[in-house]
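Student: Got a structure here, written out as structure tokens. Questions coming.
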Amino acid sequence: MMHKIDLQVGKDIYKINKEIANKIRELLDEKGVKAIDFMGSIGSGKTLIIERLIELLKNEKKIGVIVGDVTGDDDYKRIKKYGVQVVNINTGKECHLDAHLIEHAIENLKLDEIDLLFIENIGNLVCPADFELGSHKRGVVISITEGDDMVRKHPLIFQISDFIVINKIDLAPYMDVNIDTILKDIERIAPKKVFLTDAKSGKGIKELAEWLIS
């Protein structure tokens, strides 16, 4: 009986989250804001990729950012220096952002002054997959340093995403990692648009930016 109750509670949580996410999407559409949800492990390079995108697009688009972390404001400070609107979310013990948190975060943003909203999710390849945030695109960032088995180990998050970024490709020669293995797993498990980037040097960021705003 307890298992049945737990399942029902889980279903209700996902249903409520979906309803809130739909309302967020309607609001963003009404305001003309395009939102991108970046998911990925800690250290995959999500923050630096967002920084590079800001550098590339800030003269063309009015940008806002929502930064999600379990605790602290390190990434918030990194984004704040670019002079864009940014809101920091600390989830405490939660391993993902959810639509309710985003709903409150956007109350602190001037949406009329934003064209493009980047959402940096919690560093995790599991939990964020189940919770839509009302974004127009969802992407996963993985790093060469995580190995070449990330896709087959965590298929769901790749399957629900719209695009995949394989970052830190400059380190491939120094790691026991085969990029072709990752690409083959993506093609087999979750065929999506793939970008190969080295965020540190900016390689591949222009292609990503152009696709995101198209």
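Student: For the range 175-183, does any single residue satisfy the condition of being within 16 Å of the chain's Cα centre (by Cα), in a helix (DSSP H, G or I) and of a type outside the set (Ser, Thr, Tyr)?
Tutor: Filtering the range 175-183 down to residues within 16 Å of the chain's Cα centre (by Cα) leaves none.
No, the range 175-183 contains no residue that is within 16 Å of the chain's Cα centre (by Cα), in a helix (DSSP H, G or I) and of a type outside the set (Ser, Thr, Tyr).
Student: Going through Ile142, Ile157 one at a time, which residue ends up being assigned to a strand (DSSP E or B) and either under 16 Å from the mean Cα position of the chain (by Cα) or aliphatic (A, V, I, L, M) (or both)?
Tutor: Details: Ile157 fails: assigned to a strand (DSSP E or B).
It is Ile142.
Student: A further question on this structure: Could you count how many residues in the range 196-211 are of a type in the set (A, V, I, L, M, F, W, C) and surrounded by fewer than 20 Cβ atoms within 10 Å (Cβ to Cβ)? Show your work before the answer.
Tutor: First, pick out the residues of the range 196-211 that are of a type in the set (A, V, I, L, M, F, W, C): 196, 199, 205, 208-209, 211.
Those still in the list that are surrounded by fewer than 20 Cβ atoms within 10 Å (Cβ to Cβ) too: 196, 211.
Counting residues in the range 196-211 that are of a type in the set (A, V, I, L, M, F, W, C) and surrounded by fewer than 20 Cβ atoms within 10 Å (Cβ to Cβ) gives 2.
Student: Quick check on the range 101-111. Is at least one of its residues touching a residue at least 60 places away in the same chain (Cβ under 8 Å), buried (at least 20 other Cβ atoms within 10 Å of the Cβ), in a loop (DSSP other than H, G, I, E, B) and in contact with a strand residue (DSSP E or B) (Cβ under 7 Å, 6 or more places away or on another chain)? Give the derivation first.
Tutor: First, pick out the residues of the range 101-111 that are touching a residue at least 60 places away in the same chain (Cβ under 8 Å): 102-103, 106, 111.
Within this subset, residues satisfying the condition of being buried (at least 20 other Cβ atoms within 10 Å of the Cβ) are 102, 106.
If we keep only those that are in a loop (DSSP other than H, G, I, E, B) as well, we get none.
Looking for residues that are touching a residue at least 60 places away in the same chain (Cβ under 8 Å), buried (at least 20 other Cβ atoms within 10 Å of the Cβ), in a loop (DSSP other than H, G, I, E, B) and in contact with a strand residue (DSSP E or B) (Cβ under 7 Å, 6 or more places away or on another chain), one finds none in the range 101-111, hence no.
Student: Glu132: modelled with pLDDT of 95 or more, open to solvent by 10 Å² or more (accessible area, probe 1.4 Å), among the charged types (D, E, K, R) and under 13 Å from the mean Cα position of the chain (by Cα), yes or no?
Tutor: Numbers: modelled with pLDDT of 95 or more: yes; open to solvent by 10 Å² or more (accessible area, probe 1.4 Å): yes; among the charged types (D, E, K, R): yes; under 13 Å from the mean Cα position of the chain (by Cα): yes.
Yes: the conditions hold for Glu132.
The values are calculated or read from the model by the stated rules, or taken from the named source; none is laboratory data. Owing to the predicted nature of the structure, the values given are computational and were not obtained by experimental measurement. Don't worry about glycine lacking a Cβ; one is built from the backbone with ideal geometry, like all the others, and counts go over all protein chains shown. Heavy atoms of the whole protein, side chains included, go into the accessibility calculation; ligands, DNA and RNA do not. Shrake-Rupley method; radii C 1.70, N 1.55, O 1.52, S 1.80 Å.
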